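Dumping the structure here so I can ask a few things about it.
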Amino acid sequence: LRAENAQLRVENAMLKERIKVLELKNKQNSKNSHMPPSSDLYKTKKIKSAFTRKQNKNSGGQKGHEGKTLDKVEFVDEVIVLEPKRCQCGADLTKVKGVIIETRQEFDIPPQEIRIIEYQRKECICPYCQAITAGHFPNHIQAPTQYGSTIKAVCVVMSVNYKIPLAKIVQLMEDLYKIRINESSIINWLKQSYNLMKPTEDQIKDHLLNSKLVHADETGVKINGKNYWNHVVSTDKLTHQFINEKRGQKAIRSEASILPYYKGILVHDCWSSYFTLEQVKHVICGAHLIRELNALIEDKSKWAFRFQKYLLELHDSPIAKNKKNKKQILLDYNKILRQGIHEEPPPRRTSYRGRIKNSKGLNLINRLIKYKESVLGFAFSNLIPFTNNQAERDIRHCKTKQKVAGCFRSLEGAKYYMRISSITITLRKNSVNVLDWIKSLFAEGIFTLPLT
């Protein structure tokens, strides 16, 4: 009975621990874990983030803000004069001269019609030497009949930037311009864009390698039912993405990645594979730490509450003040983590198999101790941001694409999408009109980006 009682006590402790783990997992959301915000879609209770900037502003337009409205223009395309026909007494007014008392203007799109250009190649006989000389078609005119660069650019932008499925692009072009384009034609234009944009992608990669600080992240992508990973490296002016079937070192060190050759500051979310890059200075995303601390705070962790408050106060404190108080800041950092080690339960076994496991809190403390310099980088440099939001914003479009299309049908199609979206995101960051640039790419072969 004593032996059986001892065994039941062990099983009871393990089951309690397992229940606690499952309860914590059930409480996870985008504010206390790495789960995406889309997972909170059907939550009835609004989730409040601990990392929110304090704003003393009312909603809507602020005082002194100049509103934008539709202003009247001096020159119009058509004038319609609304003349009265008869007076209220019944008299005919059609021949009575009147005056304009009020004007109103309507801004609208004219009926869309396709414009067809015929190129006629002319041949002449020289009157002196009798040699026959003929004119030359422009480089982009390759067939007896073909679609122009504007139609190609519009379809590419609708597919990549606006995530419209191919069948809907076909229908939209028919509704707008009365032309029926094959889906295979749009696929060919995407492939053509992909090939033409290779020099542009190389230009972006060169600029990223020369940047002082870059952001990196990765997200899962479904391709024909199989899991792949979209990797991104970006700044506020540049974006580079590539697809790989791996998430870790094999992808980060692959031929498509620039990270093995980068030697500046790398901001990421503490994914262990990034730390194998020894030539960079690592910075850990503070927003990810805040979310992990939120989960511990919900489980009544005192040290997590103190450390979260410590980080947020550092974030709001001026850099000059932090540099002046650096010694005290480091002492407070170590003090809170020492208290956390005493608060967290010791490693325990949660199942009959496997090794003894640390609690989530203890694992986080060990990471914070190991990567202290990477965690506190933002506090002592104006160059280093608190979060990795730049990379997360640049990679979020993949989730939108999957919500619309479900998944990519082929690896080739996913590669087309990633390269083209990298270019278009970079164009928008540099205030360049995407449609005009892609039109020039098709018509004139202009590959360089006007980067600021």
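The values are calculated or read from the model by the stated rules, or taken from the named source; none is laboratory data. All figures in this text were calculated on a predicted structure; none of them were measured in a lab. When we count neighbours, we look across all protein chains shown, and the Cβ atoms used for this are built from the backbone with ideal geometry, even at glycine. Each accessible area value is taken on the protein alone, full model and side chains, heavy atoms only, with ligands, DNA and RNA left out. Shrake-Rupley method; radii C 1.70, N 1.55, O 1.52, S 1.80 Å.
Determine which single condition residue 174 fails, assuming it passes every other condition in (1) among the acidic types (Asp, Glu); (2) within 23 Å of residue 415 (Cβ to Cβ); (3) open to solvent by 60 Å² or more (accessible area, probe 1.4 Å).
Failing condition for residue 174: (2).
Considering every residue within the range 386-395, establish whether at least one is under 30 Å from residue 9 (Cβ atoms), basic (Lys, Arg) and either open to solvent by 40 Å² or more (accessible area, probe 1.4 Å) or touching a Leu at 6+ places or on another chain (Cβ under 7 Å) (or both). Working first, answer last.
Taking the range 386-395 and keeping what is under 30 Å from residue 9 (Cβ atoms), we get none.
No.
Need at least 3 residues that are over 30 Å from residue 112 (Cα atoms) per element, so show me which helices (runs of 4 or more DSSP H) inside the range 164-210 make the cut, counting only ones lying wholly within it. Give the steps one after another, and end with the answer.
Values: elements: 166-177, 183-196, 198-209.
Once the helices (runs of 4 or more DSSP H) in the range 164-210 are filtered for at least 3 residues that are over 30 Å from residue 112 (Cα atoms), what remains is 198-209.
Is it fair to say residue 203 is open to solvent by less than 70 Å² (accessible area, probe 1.4 Å) and touching a Ser or Thr at 6+ places or on another chain (Cβ under 7 Å)? Steps first, answer last, please.
Values: open to solvent by less than 70 Å² (accessible area, probe 1.4 Å): yes; touching a Ser or Thr at 6+ places or on another chain (Cβ under 7 Å): yes.
Yes; evaluated as a whole, the condition is true for this residue.
Would it be correct to say that residue 129 is more than 30 Å from residue 173 (Cβ to Cβ), open to solvent by less than 100 Å² (accessible area, probe 1.4 Å), in a loop (DSSP other than H, G, I, E, B) and out of contact with any His (no Cβ under 7 Å at 6 or more places or on another chain)? If you could, list the steps in order and put the result at the bottom.
Values: more than 30 Å from residue 173 (Cβ to Cβ): yes; open to solvent by less than 100 Å² (accessible area, probe 1.4 Å): yes; in a loop (DSSP other than H, G, I, E, B): yes; out of contact with any His (no Cβ under 7 Å at 6 or more places or on another chain): yes.
In short, yes.
Just one of (1) under 27 Å from the mean Cα position of the chain (by Cα); (2) assigned to a helix (DSSP H, G or I); (3) not hydroxyl-bearing (Ser, Thr, Tyr) trips up residue 282, so point out which.
(2)
Is it the case, given these coordinates, that residue 192 is farther than 30 Å from residue 123 by Cα and in contact with a helix residue (DSSP H, G or I) (Cβ under 9 Å, 6 or more places away or on another chain)? Show your work before the answer.
Working: farther than 30 Å from residue 123 by Cα: yes; in contact with a helix residue (DSSP H, G or I) (Cβ under 9 Å, 6 or more places away or on another chain): yes.
Yes: the conditions hold for residue 192.
Cβ-Cβ under 6 Å, sequence separation 6+ or interchain: first residue in the range 424-436 and touching a residue at least 24 places away in the same chain (Cβ under 8 Å), partner of a type in the set (S, T, N, Q) and surrounded by fewer than 17 Cβ atoms within 10 Å (Cβ to Cβ). Which pairs?
430/452
Filter the range 102-126 down to residues that are under 37 Å from the mean Cα position of the chain (by Cα) and not in a loop (DSSP other than H, G, I, E, B), then give me how many there are. Explain how you work it out, then say what you get.
The first filter runs over the range 102-126 and keeps only residues under 37 Å from the mean Cα position of the chain (by Cα), leaving 106-115.
Pick out the ones that are also not in a loop (DSSP other than H, G, I, E, B) and you get none.
Result for the range 102-126: 0.
Within the range 368-385, track down each residue that is open to solvent by less than 30 Å² (accessible area, probe 1.4 Å) and not small (Gly, Ala, Ser).
Scanning the range 368-385 gives 368, 375, 376, 378, 384.
Residue check, residue 227 against (1) touching a helix residue (DSSP H, G or I) at 6+ places or on another chain (Cβ under 8 Å); (2) assigned to a strand (DSSP E or B); (3) open to solvent by 20 Å² or more (accessible area, probe 1.4 Å), all met but one. Which one?
So the condition that residue 227 fails would be (1).
Further, regarding this structure: Counting only residues that are open to solvent by 100 Å² or more (accessible area, probe 1.4 Å) and among the hydrophobic types (A, V, I, L, M, F, W, C), which one in the range 108-126 is nearest to residue 74 (Cα to Cα)?
Filtering first and then ranking leaves 109.
Any idea which residue in the range 132-160 is least open to solvent (accessible area, probe 1.4 Å), counting only those that are in a loop (DSSP other than H, G, I, E, B) and closer than 20 Å to residue 177 by Cα? Spell out the reasoning first.
Initial filter on the range 132-160 (in a loop (DSSP other than H, G, I, E, B)): 135-148.
From what is left, the residues that are closer than 20 Å to residue 177 by Cα are 145-148.
Details: 145: 120, 146: 75, 147: 72, 148: 38 Å².
Of everything passing the filter in the range 132-160, 148 is least open to solvent (accessible area, probe 1.4 Å).
Out of (1) modelled with pLDDT of 65 or more; (2) open to solvent by less than 100 Å² (accessible area, probe 1.4 Å); (3) under 30 Å from residue 397 (Cβ atoms), what's the single condition that is false for residue 50?
Condition (1) is where residue 50 drops out.
Go through the range 248-269 and give me each residue that's more than 19 Å from residue 422 (Cα to Cα), open to solvent by 20 Å² or more (accessible area, probe 1.4 Å) and of a type outside the set (Val, Ile, Thr).
Matches in the range 248-269: 249, 250, 253, 260, 261, 263, 269.
Among the listed residues 312, 293, identify the single one that is open to solvent by 20 Å² or more (accessible area, probe 1.4 Å) and either closer than 30 Å to residue 26 by Cα or in contact (Cβ under 8 Å) with a residue 12 or more places away in the chain (or both).
Values: 293 fails: open to solvent by 20 Å² or more (accessible area, probe 1.4 Å).
Result: 312 is the single residue among 312, 293 that is open to solvent by 20 Å² or more (accessible area, probe 1.4 Å) and either closer than 30 Å to residue 26 by Cα or in contact (Cβ under 8 Å) with a residue 12 or more places away in the chain (or both).
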